[in-house]
Every structure is written in structure tokens, then in C-alpha cells.
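To start, the structure under review is shown below, and the notes come after it.
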Amino acid sequence: MSSDRNLAKAPAGEKPTVPPRRELRDPRAMRALTHPVRLELLRVLELEGQLTATQAGELISEPPNTCSFHFRQLAKYGFVEEAGPVPGRARPWRLVTARMHFTHLHADTDTAMAASELESMMVDTYLARLATFYATRSALPTEWQEVTGGSQATLHLTPAELRQVDQEIMAIIDRYSERMTNLARRPADSQPVEVLLFAYLPATGR
């Protein structure tokens with residue numbers, strides 16, 4: 001699907017804005033995301049800018065009424081909003097929040113559990129998409145096969161150093177964030193690229 005009619009363009013002289021990162025602390029909002037259809041709707045909105053329930057349904061292979069219901073639930077917790085009136089009966093939706101941060105470190109047990117459930121589902125979703133990519137990568141043009149894939153490194157770091165590494169990597173990624181909402185910033189040969197970063201302490205066997 002072409003994104004021309006979906007992505008908002010900033011007025012001349014005005015810098016386009018990227019939806020701000022949202023800190024999730026409400027367990028109800030976290031649980032609102034713990035549904036595969038809702039995560040898919042957020043993903044396609046991030047790619048396309050604005051979509052009606054019918055358009056979204058075509059992209060994720062779900063009925064329009066299902067997408068409409070889940071859009072309303074996402075709107076209830078502030079993740080999406082109506083994009084404004086358009087000709088006809090179409091009701092397009094757009095992201096309010098594209099980037100989110102949450103942690104399972106909460107004194108409240110219910111909040112900690114909701115965060116852990118959401119984290120587990122998102123990791124499963126990401127890894128499933130990664131597996132699909134590897135299964136189909138050979139069909140991509142050679143130039144994309146050469147630059148996609150994984151990198152691995154084991155580092156000896158303190159918690160403060162690991163936080164600094166994360167901030168430095170995200171600063172690089174943020175250079176390209178404006179392309180999410182500004183079509184004019186996207187090079188003609190660009191494609192949506194998902195970048196996954198996982199930092200963990202591997203089992204040592206000791």
C-alpha cells in the first residue's frame with residue numbers, strides 16, 4: 001500500500017514531530033497492549049501513518065469490525081486517536097505513541113505482573129517476525145541480504161556502562177526517527193527496517 005495519502009507532512013518551515021516516547025506505568029494500559037491484533041495494528045500504523053479499520057484489516061488479514069474494536073480499545077488507553085474528518089464514511093486512525101518504555105520493576109505486584117506479561121508477548125512477537133525474515137531473506141535483493149542479519153558481542157560492563165551503551169545506540173537510531181512521520185525524509189530506495197536490541201546476562205554454567 002502506498003503511504004502518500006497517509007503520512008502527515010509538516011507545513012513549510014515547521015519541523016515535523018515524532019510521536020513522543022511514553023512511559024507505561026498503568027497496568028490497565030499494559031494489559032490493553034497484551035493482544036496480538038493490537039500490537040499488529042500499532043505496527044502497521046507505524047509503517048503507514050494513518051489507516052481506516054478496513055485498510056488495516058487488509059494489511060493484517062483481520063475483519064474490519066475486529067480492527068475497529070481494537071482501535072477503540074487502543075484509543076481508550078491513549079495509544080491511537082482519530083486522525084480527523086475525511087470525505088465519505090472512512091474513519092482513519094493514527095498513532096499517539098510510537099515509542100514506549102516500561103519496566104517490570106514495580107513495588108505494586110499487579111503492575112509488575114502486567115509489565116512482565118507484556119514484555120513476554122512482545123519478545124515472542126519480535127522473535128517470530130525475525131524467524132519469518134530469516135526464512136524468506138533469500139527472496140530479497142542482494143543489497144538487502146548483505147546488510148540485514150544479526151551481530152553478537154559479549155562485553156564486560158557495569159550497569160552504568162550498559163545504560164550508556166544503550167543510550168548511545170538509541171541516539172544513533174533516533175537520527176532517523178523523523179522518517180516515521182515525514183514522507184519527504186524517506187529516501188526513494190528506503191524500506192522499513194526493524195532493529196532489535198537485547199542485553200542480557202548469559203548463563204555461565206557456574
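Things worth noting here:
- Flag for E14 being modelled with pLDDT under 95 and within 18 Å of the chain's Cα centre (by Cα): no
- Hey, M113 modelled with pLDDT under 95 and either part of a helix (DSSP H, G or I) or farther than 30 Å from P27 by Cβ (or both) or not: no
- The set of residues in segment 138-149 that are in a loop (DSSP other than H, G, I, E, B) and among the β-branched types (V, I, T) contains only T148.
- Per this entry, R137 is counted among residues that are modelled with pLDDT of 95 or more, among the charged types (D, E, K, R), surrounded by 12 or more Cβ atoms within 10 Å (Cβ to Cβ) and in contact with a helix residue (DSSP H, G or I) (Cβ under 9 Å, 6 or more places away or on another chain).
One line per residue, one yes/no per condition, for (1) farther than 20 Å from L127 by Cβ; (2) assigned to a helix (DSSP H, G or I):
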| site | (1), (2) |
| --- | --- |
| S151 | no, no |
| H156 | yes, no |
| A160 | yes, yes |
| V165 | yes, yes |
| E168 | yes, yes |
| I172 | yes, yes |
| P187 | yes, no |
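- Just one of the numbered conditions (1) exposed (fewer than 12 other Cβ atoms within 10 Å of the Cβ); (2) in contact (Cβ under 8 Å) with a residue 12 or more places away in the chain is not true of M122: (1).
- The condition of being outside any helix (DSSP H, G or I), of a type in the set (V, I, T) and surrounded by 15 or more Cβ atoms within 10 Å (Cβ to Cβ) holds for only one of T97, T66, that being T97.
- Residue that is nearest to the chain's Cα centre (by Cα), among those in segment 84-100 that are of a type outside the set (F, W, Y) and modelled with pLDDT of 85 or more: L95
- Yes/no for L162 being surrounded by 10 or more Cβ atoms within 10 Å (Cβ to Cβ), over 17 Å from the mean Cα position of the chain (by Cα) and more than 24 Å from L51 (Cβ to Cβ): yes
- Residue match in segment 102-109 (condition: at negative phi, in a loop (DSSP other than H, G, I, E, B), surrounded by fewer than 16 Cβ atoms within 10 Å (Cβ to Cβ) and among the hydroxyl-bearing types (S, T, Y)): yes
The values are calculated or read from the model by the stated rules, or taken from the named source; none is laboratory data. Only a predicted model underlies this, so the values are computations on that prediction, with no experimental measurement involved. All Cβ positions, glycine included, derive from the backbone under ideal geometry; neighbour counts span all protein chains shown.
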